[in-house]
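*Asks:* Take a look at the following structure, please.
The values are calculated or read from the model by the stated rules, or taken from the named source; none is laboratory data. Because the structure is predicted, anything quoted here is derived from the model rather than measured. Every residue, glycine as well, gets a Cβ built from its backbone with ideal geometry; the counts of neighbours run over all protein chains shown. Remember, those area values only see protein heavy atoms, side chains included, never the ligands or the DNA or RNA. Shrake-Rupley method; radii C 1.70, N 1.55, O 1.52, S 1.80 Å.
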Amino acid sequence: MKRTRFGSRDRLSRDAAELQRLAAGLSESGGKLEDAYWEAQLAEVVDSLLKNGAEDDINTALDRLFEANPRGHDELADMVESRAETNRLEALGQTFDIQLFAAPVLAWSRFSIPACPLPKSTLQALAVQLGAHVFGGDARLAIADFLFSPDQLPRSFCDTWQLTRELGEAALAGNHLAVDTAGMAETNRFLSDVRYIVGAIAVPHGKPLFRWNEADGNREASLKDWIKQGSPNLEPLLTGCAWQPLLADSYHAACRNADRLSRPYSLKASVAFLQTMLGLMPADIRAVVGPCYDRRMEEYRVSLGPTTGDEIYHGIVWPLLGAEDEATDAAGEIEAVLRETGVKEVLFLDHHFPMEFCDDCGAPLFPNREAELVHAEMPEQPTANSQVLH
């Protein structure tokens, strides 16, 4: 998941300067003991800023470090994410570690993909299956009663910290969390998208967080059991959709994994969509792939259309994530996914395309085989519902 950037102050505050100093010290540490020294101090400052809602100070320090000290930036980003998605609470004379989690679901549909409240019966069933197959035996569980789209997830580190605390308190009280949907962002409509179940676990300090932390558990078995036992509870929520549950994990790790896996899923979904809506078989589809740049390479844009013409029916954006750059073999992965779906004609363009969007609707423009950026348009069909993929 891309780390959110907000506007930063021109003048460096004392707290932002201290974050920079501590993160730089941690990045230069030469051993575990020194790591622990810097980490303890950095965690204390980050916790204070998250609690006080000082998002600007955090982002200012991240922005300055990104330019001046990339290793320090990564240390600070890891620390802020970690402290935003975890907490420690006292209850009944015992200390509990709180971990925010997300359980992503990849979905596609020619209709709208729901982002909706979760019924109480569904919450209880999901909690039972997650508790049995994903989390440690001593974990207490609370789930937010809403199936989130990416647009509706917390927008800042401070918001994430607040949600972690609220869900942690709910878990210790044996409740789920009622989400206030007033003012919630509208969901952008895409053919393929991700939906998130978000919750938190409260675990006695020192006990296993996840099933795979226990001696007889592993991730593969947890995922298999979650898909088998959890899927029936998701089916009523995703009517008219094809969907694939992913393994629940700590919040930021789960979101990043969903971002990564949603890219090939979107390619496969678009090929299936064209086959379903137009009867266009994969072998009759031409894919055109072009890299798009801002100050650096940001993404590939993939166009899909018939091999017998120049039309572009659909487009998919394949963003570069994290440390990926133009040296990463994303092009090879794109080609492998397309070949797997049965697309035989794949054209890679050796151009530096700009990040252009339609002036009228704001949709990204996609390359055709003449190396021009054009609007993706479905042919006139009574049942066709033209949408833009991620």
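*Asks:* Roughly how many Å² is the accessible area per residue of region 148-219, as a whole number, for a 1.4 Å probe?
*Replies:* Using a 1.4 Å probe on heavy atoms only, each residue of region 148-219 averages 46 Å².
*Asks:* Any idea what the relative contact order of region 219-333 is, in percent, if you count C-alpha pairs under 8 Å spaced at least 6 apart?
*Replies:* 15 percent
*Asks:* Would you mind giving the average projected area, over all directions, of the Cα convex hull of region 241-390 in nm² with one decimal?
*Replies:* 9.8 nm²
*Asks:* If Rh is defined by the Kirkwood formula over all Cα pairs and Rg also comes from Cα, what ratio Rg/Rh do you get for region 137-186?
*Replies:* Radius of gyration over Kirkwood radius for region 137-186 works out to 0.99.
*Asks:* Note down the nm distance, to one decimal, between modelled labels 7 Å out along Cα→Cβ at SER82 and at CYS116.
*Replies:* Here the answer is 4.0 nm between the modelled labels.
*Asks:* How many Å² of accessible area per residue for region 264-338, probe 1.4 Å?
*Replies:* Dividing the accessible area of region 264-338 by its residue count gives 37 Å².
*Asks:* 222 nm [θ] for the chain, helices only, -39500 (n - 2.57) per DSSP H run of 4+, per residue, to 500?
*Replies:* -13000 deg cm²/dmol
*Asks:* Could I ask something else about it? For ALA336 and ARG296 in one chain, what is 0.36 nm times their gap in residues minus the Cα-Cα distance, to one decimal in nm?
*Replies:* 12.0 nm
*Asks:* Per 5 Å bin, what percent of the C-alpha pairs of region 259-345 does each bin hold, from zero upward?
*Replies:* The calculated distribution, bin by bin, is 3, 14, 28, 24, 16, 10, 5, 1.
*Asks:* Amide H of LEU191: which non-local residues (sequence gap of 5 or more, or other chain) have their own amide H closer than 5 Å, using H built in the peptide plane?
*Replies:* Result for LEU191 returns VAL388, LEU389, HIS390.
*Asks:* What ranking do 355-366, 116-127 get when scored by the average of other Cβ atoms within 10 Å per residue, highest first?
*Replies:* Final packing ranking: 116-127, 355-366.
*Asks:* Further question on the same structure: In region 10-63, what trypsin sites (Lys or Arg not before Pro) fall in a loop by DSSP, with at most 15 other Cβ atoms inside 10 Å?
*Replies:* Listed in order of number, the matching sites are ARG11.
*Asks:* What is the percent carbon and sulfur in the accessible area of region 181-337, measuring with a 1.4 Å probe over the protein chains and ignoring ligands?
*Replies:* 48 percent
*Asks:* Sticking with this one: Can you run phi through the Karplus equation (6.51, -1.76, 1.60; θ = phi - 60°) for region 63-69 and list ³J(HN,Hα) in whole Hz, with x for Gly and Pro?
*Replies:* Computed from phi, the couplings for region 63-69 are 5, 5, 5, 4, 7, 9, 8 Hz.
*Asks:* Same structure again: Name the long-range amide H neighbours of ALA91: under 5 Å, sequence gap of 5 or more, or other chain; modelled H, no Pro or chain starts.
*Replies:* PHE96
*Asks:* What is the distance, in nm, between label points placed 7 Å from the Cα along the Cα-to-Cβ direction at GLN41 and at ASP151?
*Replies:* 4.4 nm
*Asks:* Which loop GluC sites (Glu not before Pro) in region 267-314, with loop taken from DSSP, have no more than 13 other Cβ atoms within 10 angstrom of their Cβ?
*Replies:* none
*Asks:* While we're on this one: Through the Karplus equation 6.51 cos²θ - 1.76 cosθ + 1.60, θ set to phi - 60°, convert the phi angles of region 153-162 into ³J(HN,Hα) values in whole Hz; use x for Gly and Pro.
*Replies:* Per residue, the Karplus-derived 3J(HN,Hα) values read 6, x, 8, 9, 5, 5, 5, 5, 4, 5 Hz.
*Asks:* Right, next: So if I average 1/r over every pair of distinct C-alpha atoms in the chain and take the inverse, what Kirkwood radius in Å does that give?
*Replies:* Across the chain, the inverse of the average 1/r is 22.8 Å.
*Asks:* Once amide H atoms are placed 1.01 Å from N in the peptide plane, what residues at a sequence separation of 5 or more from TYR293, or on another chain, have their amide H within under 5 Å of its amide H?
*Replies:* Amide H neighbours of TYR293: GLU298, PHE353, MET355.
*Asks:* Fully extended, how many nm does the chain gain between ASN213 and GLU370 (0.36 nm per residue separation, minus their Cα-Cα distance)?
*Replies:* In short, 51.2 nm is gained.
*Asks:* Also, I was wondering about something else. Report, ordered by chain and residue number, the lysines lying within cross-link reach of LYS228, taken as a straight Cα distance under 25 Å and ignoring same-chain residues fewer than 8 apart.
*Replies:* Cross-link targets: LYS120, LYS268.
*Asks:* Oh, and also: Along region 73-83, what does the Karplus equation 6.51 cos²θ - 1.76 cosθ + 1.60 (θ = phi - 60°) give for ³J(HN,Hα), rounded to whole Hz, x for Gly and Pro?
*Replies:* 4, 5, 5, 5, 4, 4, 5, 5, 4, 4, 6
*Asks:* Taking every pair of alpha-carbon atoms in region 195-258, give the share separated by more than 20 Å as a whole percent.
*Replies:* In whole percent, the share of Cα-Cα pairs in region 195-258 beyond 20 Å is 36.
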